[in-house]
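Reviewing the structure listed below.
The values are calculated or read from the model by the stated rules, or taken from the named source; none is laboratory data. Note that the structure is a prediction, hence the values are computed from the model and not measured. With ideal geometry, Cβ positions are generated from the backbone for all residues, glycine too; neighbour counts draw on all protein chains shown. These area figures cover heavy atoms from the full protein model, side chains too; ligands, DNA and RNA do not enter into them. Shrake-Rupley method; radii C 1.70, N 1.55, O 1.52, S 1.80 Å.
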Amino acid sequence: ISAFSEAVKMVPSNEWQKRNLGRLYYMIGDSANAEAIYQDLSKVLYDKYYYWQEYAQLVDNPSVKAGMLAKAILLESNEDYIGDIRLEFASYLIAAGNKKAASIELERYHSNRVKKGWKIPDKYSDLKRGIDDTPACKGNNQDLYQSMAIVADEFVYKNLPWVEMVLVESWKNDYDKSFVVLTDGKGHNIKVNRNYQKLLNHAHRGKPFWV
């Protein structure tokens with residue numbers, strides 16, 4: 001631990017080292033320090049799917065964990081990256097009794113694996129058996145992601161003050177992902193994936209938000 005801590009102190013801007021230190025703390029049972037590091041990382045990694053995926057592994061509260069997985073799915077459109085997240089989210093949904101939503105997750109996962117010609121793991125088969133009495137469902141769980149992600153937001157940002165910001169710019173990158181920039185007019189700007197919150201989906205320039 002000491003070597004990792006010193007490395008972070010030497011280069012505090014290195015997010016990779018901070019993530020490794022946070023996971024190491026969790027592995028040795030120091031959940032308080034692990035959570036503190038990932039809380040701090042939220043300032044720079046809030047729009048990265050892997051941040052929410054990793055943070056979900058560090059929390060025990062099922063609803064918070066599921067909310068973080070939902071945010072990860074919202075933030076990443078490439079199915080190749082979020083397959084394991086879908087399986088974990090489906091596992092939560094089955095435990096919660098929401099078999100229809102779980103079926104949608106498993107169908108999305110299976111469809112991508114078949115498309116890519118990848119092996120179907122045993123974990124998928126095990127989860128599928130848990131919803132044998134539920135027909136395969138297509139579509140998406142977009143509204144469910146949005147509602148569950150609120151729990152994750154409240155958990156991560158519970159100690160931060162609300163700030164009024166205005167949308168000043170929007171664009172799509174080369175991977176067809178939509179982003180917006182919000183500013184508080186005092187030199188503080190944040191770039192946000194439009195999928196980060198449902199309210200951003202059709203927001204226009206000049207629209208204010210409390211964040």
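Does residue 92 satisfy the criteria of being under 19 Å from the mean Cα position of the chain (by Cα), modelled with pLDDT under 95 and either farther than 21 Å from residue 54 by Cβ or of a type outside the set (S, T, N, Q) (or both)?
So residue 92 does not fit the description; no.
Sort out which residues of region 157-195 are acidic (Asp, Glu), open to solvent by 50 Å² or more (accessible area, probe 1.4 Å) and part of a loop (DSSP other than H, G, I, E, B), and write them in order of number.
174, 176 - these are the residues of region 157-195 that are acidic (Asp, Glu), open to solvent by 50 Å² or more (accessible area, probe 1.4 Å) and part of a loop (DSSP other than H, G, I, E, B).
Working only within region 196-211, note down all residues that are open to solvent by less than 60 Å² (accessible area, probe 1.4 Å), touching a residue at least 40 places away in the same chain (Cβ under 8 Å) and among the aliphatic types (A, V, I, L, M).
none
So which residues in region 94-132 are open to solvent by 70 Å² or more (accessible area, probe 1.4 Å) and outside any helix (DSSP H, G or I), if there are any at all?
Residues satisfying the conditions are 118, 119, 132.
Which pairs have Cβ atoms under 9 Å, sit 6 or more apart or on different chains, and link a residue in region 30-42 that is within 13 Å of residue 155 (Cα to Cα) to one that is of a type in the set (S, T, N, Q) and open to solvent by 10 Å² or more (accessible area, probe 1.4 Å)?
Once the first residue is within 13 Å of residue 155 (Cα to Cα) and sits in region 30-42, its partners that are of a type in the set (S, T, N, Q) and open to solvent by 10 Å² or more (accessible area, probe 1.4 Å) give 39/159.
Let me spell it out: the conditions are (1) open to solvent by 80 Å² or more (accessible area, probe 1.4 Å); (2) closer than 27 Å to residue 34 by Cβ; (3) in a loop (DSSP other than H, G, I, E, B); (4) of a type outside the set (Gly, Ala, Ser), and residue 59 meets all of them except one. Which number is the exception?
(1)
Could you list, in sequence order, the residues of region 69-90 that are acidic (Asp, Glu) and either in a helix (DSSP H, G or I) or open to solvent by less than 10 Å² (accessible area, probe 1.4 Å) (or both)?
Hits for region 69-90 are 79, 80, 84, 88.
Would you tally the residues in region 1-22 being among the basic types (Lys, Arg) and surrounded by fewer than 16 Cβ atoms within 10 Å (Cβ to Cβ)?
Count: 1.
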